[in-house]
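Participant: Below are the structure tokens for one structure; questions will follow.
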Amino acid sequence: MLLSNFKIGQSGKVKELNNLPVLKSRLNHLGVIEGVKVTLVRKAPLGDPFQIKVRDFYLAIRKDEASKIVME
Amino acid sequence: MNDIIALVGNPNCGKTTLFNALTGTYQKVGNWTGVTVEKKEGEYKKNKRIKIVDLPGLYALKTGANDETAAYKYLIKTPPKVIINVVDGTNLERNLYLTTELTTLKIPMVIAVNMCDQIEKKGDKLNDKELSKLFGVPVIPVSALKNFNVDELINVAINNEKKPFLHNLNDYKGKTTVNKRYDFIEKNIKNIINKPTIKMQTFTEKADNVLMHRVWGIPIFFAVMVLVYFLSINIGGLIGKKISYAFEVFSKTVEIKLIGAGVSEWIISLLCNAVISSIGGVTSFLPQILVLFALMAIIEESGYAARVAFLLDRFFRSFGLGGKSLLPMIVSCGCTVTGIMATRTIEGENERRMTVFLSPFMPCGAKTAVFAWFSTVFFSGSALIAASMYFLGILCVGIFGIILKRFNAFKSNNGGFLMEIPPLRFPSGKDVLFVLIEKVKEFTTKAGLIVFAVSVFLWLLMSVGVSGYVGSDIEKSFLFVIGNALKYLFYPLGFGSWQASVAIISGFFAKEAVVETLSLISQDVHTVFNSAYSAYAFMAFILLSPPCIASLATAHAELGKKWFLGMLLFQTLSAYIVSFVINSIGFLIERRLGLLLSVLIVIIIMLSVFYAIKYLKKSKCRLCKNCKKGEKCQRVKRFTI
């Protein structure tokens with residue numbers, strides 16, 4: 001299951017971050033690491049980007065990047 | 001020697017607000033990531049010997065494997081006496097990550113838990129003693145916004161010599177250091193902050209359901225922008241008109257008094273036509289610009305700007321920009337200078353360059369004042385006409401973005417898009433007020449002086465000709481000669497009059513000067529523009545042509561000489577083309593051809609010109625004389641960008 005396939009309101013834990021050379025460390029620093037709970041809050045009008053909730057704050061992330069986050 | 005205190009913390013955790021509270025200066029505050037792009041220094045207002053440095057917000061000290069942040073380099077090179085680690089109390093888990101990194105610096109530290117009033121509102125309970133025990137440094141709950149505990153914070157900080165514990169993270173299971181640090185935080189966070197088990201929907205969540213709605217989000221944004229323009233033009237414009245009238249009366253009185261006193265004609269002319277009218281012109285713009293700035297500050301500070309970036313990111317990406325380019329563009333609606341500076345938060349160099357090229361297309365406060373004046377004079381004060389400039393700006397950003405994207409130098413080397421969406425906050429009246437005070441200062445010095453100088457200079461050109469002082473016989477002046485020489489350039493755009501040409505030149509100094517110049521050199525502006533659509537084409541030219549001197553200087557600093565010249569050329573060309581299109585459509589509509597048909601004809605003409613140029617270029621290679629490869633020739637490829 002990928003984060004990009006989540007339905008709005010669905011939560012899950014991050015299993016791994018794939019193929020994200022540039023963004024991986026930035027996501028990590030923001031606390032998006034293996035095992036953290038992520039909730040898909042909403043999608044923007046064109047279905048991209050996504051708003052996710054992680055560790056008590058909100059983050060905007062594009063579909064491309066979300067499709068590289070593998071969820072448990 | 002002075003004692004230096006450095007403020008370090010995540011973006012958007014309230015460092016700048018704290019800095020303002022401590023130093024009594026007023027830096028710009030915004031509710032989105034990256035408002036502080038350079039470090040700022042100030043003195044503690046109660047003890048000038050204590051120097052406070054506000055570093056740009058950062059989530060981590062080293063962003064990549066080798067990528068050290070500027071803040072990190074600063075802390076290593078010139079270690080301050082003490083670091084104040086500002087953490088957002090409503091979002092401790094992530095904020096403490098940076099804290100764990102800061103422990104490695106071995107510099108004395110104090111943790112300031114900011115927004116402590118918000119923590120209780122959220123229903124959480126902070127255990128600051130536990131936090132203090134965990135890191136071995138003093139912890140002070142503060143509220144920078146409410147000025148709560150900030151002096152206490154400095155007292156503790158300046159006397160603090162405790163360095164934070166360097167925790168041994170090897171006990172934690174994670175694979176990488178980042179994981180270990182977060183595991184460490186996760187294990188201890190429960191003792192530091194107590195969260196209620198039943199969660200209520202917060203204000204932000206409720207409001208976001210409306211503001212970021214999939215269907216209504218974008219219409220709401222457009223409605224907000226129309227409202228902003230409506231308010232600034234109507235409220236600001238109304239006060240402005242009163243001021244402008246008062247100055248007119250004043251000017252007349254002075255004129256009569258001076259004529260009575262027998263002062264020579266040219267002095268009266270200089271005083272009344274140049275000095276008083278330019279000061280009057282500038283002051284009458286001020287209310288509009290102030291209202292616009294206050295509203296822009298509210299949009300930025302409340303966190304709405306970040307939400308708009310989220311809503312429109314996908315749209316922006318289709319022409320090579322990203323959501324992060326949107327923030328500089330929104331800021332540009334206030335002032336292009338700050339807009340161009342805000343592009344520094346964009347990671348990709350190409351995307352950043354493109355944003356600097358395009359963000360001057362957004363109507364800044366000064367341009368808005370020009371549009372408001374035009375809509376009063378030519379369009380019976382319709383707020384829609386002024387607002388339409390805003391949409392024209394957006395449209396041109398789109399169209400020219402797509403064109404620029406064809407060049408390699410503007411292709412997005414996508415760094416991705418990660419943006420924190422901060423909680424909505426009610427903007428503090430204080431911060432908005434300070435933005436306004438700064439603006440008044442800047443406006444009276446920058447615009448005021450330039451407009452004044454331009455007016456006096458223009459008056460000189462206008463009143464002096466080959467035969468010396470020409471008085472009101474303007475057609476013998478130097479200005480008439482210059483304007484007349486230039487007007488042929490603007491014939492295709494519909495405003496080929498010498499007055500309009502001179503106004504455009506004065507606009508390069510400051511956009512506010514355009515109206516000033518027009519009213520100074522023409523008895524009746526309706527004779528300058530023979531139709532409403534040529535006035536509209538003129539407005540479009542003002543909107544898109546290169547911005548004022550101050551913005552150009554900023555753009556030059558950001559882009560370097562080569563790209564700066566490219567930008568000048570690009571913006572002049574875009575302005576010319578768009579004005580031409582508007583004027584042609586207007587002309588055809590006047591000939592009763594109907595809107596659709598007119599647009600169609602103009603598009604066909606433009607396309608055929610475009611393809612003709614392309615064809616001519618293709619048929620001949622530009623560099624080798626006998627080569628028939630055209631644009632595909634290797635030599636050409638080497639020389640094109």
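Participant: Suppose we filter the stretch B:468-483 for residues that are over 22 Å from B:ILE505 (Cβ atoms) and touching a helix residue (DSSP H, G or I) at 6+ places or on another chain (Cβ under 6 Å); how many remain?
Facilitator: Residues meeting the conditions: 1.
Participant: Considering the stretch B:238-263 alone, what residues qualify as being surrounded by 14 or more Cβ atoms within 10 Å (Cβ to Cβ) and closer than 9 Å to B:GLY280 by Cβ?
Facilitator: Once the filter is applied, which keeps residues that are surrounded by 14 or more Cβ atoms within 10 Å (Cβ to Cβ) and closer than 9 Å to B:GLY280 by Cβ, the stretch B:238-263 yields B:ILE243, B:SER244, B:PHE247, B:GLU248, B:PHE250, B:SER251.
Participant: If you don't mind, there's one more thing I want to ask. May I ask you to verify whether A:PRO45 is at pLDDT 90 or above, surrounded by 15 or more Cβ atoms within 10 Å (Cβ to Cβ), within 10 Å of another protein chain (Cβ to nearest Cβ) and within 22 Å of B:ASN12 (Cβ to Cβ)?
Facilitator: Answer is no for this residue.
Participant: Okay, next question. Quickly run through the stretch B:101-119 and pick out the residues that are crowded, with 23+ Cβ neighbours inside 10 Å and of a type outside the set (A, V, I, L, M).
Facilitator: B:ASN114
Participant: Just checking, does the stretch B:69-84 include any residue being under 20 Å from B:GLU186 (Cβ atoms) and either crowded, with 17+ Cβ neighbours inside 10 Å or among the polar types (S, T, N, Q) (or both)?
Facilitator: No: zero hits.
Participant: Working carefully through the options B:PHE610, B:PHE564, B:PHE580, B:PHE570, find the one that is over 20 Å from the mean Cα position of the chain (by Cα), of a type outside the set (Asp, Glu) and surrounded by 14 or more Cβ atoms within 10 Å (Cβ to Cβ).
Facilitator: B:PHE580
Participant: Restricting to the stretch B:536-553, name every residue that is touching a helix residue (DSSP H, G or I) at 6+ places or on another chain (Cβ under 7 Å) and assigned to a helix (DSSP H, G or I).
Facilitator: B:TYR536, B:ALA537, B:PHE538, B:MET539, B:ALA540, B:PHE541, B:ILE542, B:LEU543, B:LEU544, B:ILE549, B:ALA550, B:SER551
Participant: Next question. Does the stretch B:143-150 include one or more residues that are assigned to a loop (DSSP other than H, G, I, E, B), away from chain A (no Cβ under 13 Å), in contact with an Asp or Glu (Cβ under 9 Å, 6 or more places away or on another chain) and at pLDDT below 90?
Facilitator: The answer is yes; a qualifying residue exists.
Participant: Would you be able to say whether some residue in the stretch B:294-317 is among the aromatic types (Phe, Trp, Tyr) and under 30 Å from B:ALA453 (Cα atoms)?
Facilitator: No: zero hits.
Participant: Something else: Just one of the numbered conditions (1) in contact (Cβ under 8 Å) with a residue 12 or more places away in the chain; (2) within 8 Å of chain B (Cβ to nearest Cβ) is not true of A:THR39; which one?
Facilitator: Going through (1) in contact (Cβ under 8 Å) with a residue 12 or more places away in the chain; (2) within 8 Å of chain B (Cβ to nearest Cβ) one by one, A:THR39 breaks only (2).
Participant: Before we move on, is A:SER11 modelled with pLDDT of 90 or more and either within 8 Å of chain B (Cβ to nearest Cβ) or over 23 Å from B:LEU424 (Cβ atoms) (or both)?
Facilitator: Against the criterion (modelled with pLDDT of 90 or more and either within 8 Å of chain B (Cβ to nearest Cβ) or over 23 Å from B:LEU424 (Cβ atoms) (or both)), A:SER11 does not qualify.
Participant: With respect to B:SER501, is the statement that it is within 21 Å of B:SER375 (Cβ to Cβ) and crowded, with 17+ Cβ neighbours inside 10 Å true?
Facilitator: Judged against the criteria, B:SER501 is not a match.
Participant: Then there's this: Under 6 Å by Cβ, and 6 or more places apart or on different chains, what pairs join a residue from the stretch B:172-196 that is touching a residue at least 12 places away in the same chain (Cβ under 8 Å) with one that is among the basic types (Lys, Arg) and outside any helix (DSSP H, G or I)?
Facilitator: Listed by first residue and then by second, the contacts come to B:ASN194/B:LYS125.
Participant: A further question on this structure: Select from the stretch B:408-427 the residues that are away from chain A (no Cβ under 14 Å), surrounded by 14 or more Cβ atoms within 10 Å (Cβ to Cβ) and at pLDDT 75 or above and list them in ascending order.
Facilitator: Passing the criteria: B:PHE410, B:PRO427.
Participant: For the stretch B:554-567, check the following and say yes or no: at least one residue is aromatic (Phe, Trp, Tyr), at pLDDT 90 or above and assigned to a helix (DSSP H, G or I).
Facilitator: Checked against the condition, which is being aromatic (Phe, Trp, Tyr), at pLDDT 90 or above and assigned to a helix (DSSP H, G or I), the stretch B:554-567 yields at least one hit.
Participant: Also: Quick one: how many residues across the stretch B:151-179 are surrounded by fewer than 20 Cβ atoms within 10 Å (Cβ to Cβ), part of a helix (DSSP H, G or I) and of a type outside the set (Asp, Glu)?
Facilitator: Here the count works out to 7.
Participant: For B:ASP208, work out the one condition from (1) farther than 23 Å from B:PHE426 by Cβ; (2) surrounded by 15 or more Cβ atoms within 10 Å (Cβ to Cβ) it doesn't fulfil.
Facilitator: (1)
Participant: Also, quick follow-up: Looking at B:LEU92, B:LEU98, B:LEU105, B:LEU126, which one is more than 35 Å from the chain's Cα centre (by Cα) and within 14 Å of another protein chain (Cβ to nearest Cβ)?
Facilitator: B:LEU126
Participant: Spot the failing condition for B:VAL87; the list is (1) under 20 Å from B:PHE165 (Cβ atoms); (2) within 14 Å of chain A (Cβ to nearest Cβ); (3) within 31 Å of the chain's Cα centre (by Cα); (4) part of a helix (DSSP H, G or I), and only one is missed.
Facilitator: B:VAL87 satisfies all of (1) under 20 Å from B:PHE165 (Cβ atoms); (2) within 14 Å of chain A (Cβ to nearest Cβ); (3) within 31 Å of the chain's Cα centre (by Cα); (4) part of a helix (DSSP H, G or I) except (4).
Participant: Right, here's the next one. From the list B:LYS121, B:LYS162, which one is at pLDDT below 90, in the same structural domain as B:ILE52 (by TED's automatic domain parsing) and within 20 Å of A:ARG55 (Cα to Cα)?
Facilitator: Criteria check complete, one pass: B:LYS121.
Participant: Which pairs do you get when a residue that is within 15 Å of B:GLU512 (Cβ to Cβ) and assigned by TED's automatic domain parsing to the domain that holds B:SER277, found in the stretch B:452-463, comes within reach of a residue that is buried (at least 18 other Cβ atoms within 10 Å of the Cβ) and of a type in the set (Asp, Glu), reach meaning Cβ atoms under 8 angstrom, with the pair 6+ apart or on two chains?
Facilitator: B:VAL454/B:GLU516; B:SER455/B:GLU516
Participant: Please verify whether the stretch B:283-300 includes one or more residues that are over 20 Å from B:SER232 (Cβ atoms) and surrounded by 22 or more Cβ atoms within 10 Å (Cβ to Cβ).
Facilitator: Checked the stretch B:283-300: no residue is over 20 Å from B:SER232 (Cβ atoms) and surrounded by 22 or more Cβ atoms within 10 Å (Cβ to Cβ).
Participant: How many residues are assigned to a helix (DSSP H, G or I) and either within 16 Å of B:LYS187 (Cα to Cα) or acidic (Asp, Glu) (or both) when one looks only at the stretch B:110-135?
Facilitator: 9
The values are calculated or read from the model by the stated rules, or taken from the named source; none is laboratory data. In this text, all values refer to a predicted model and were calculated from it rather than measured experimentally. Neighbour counts are summed over all protein chains in view; Cβ atoms, including those assigned to glycine, are modelled from backbone coordinates with ideal geometry.
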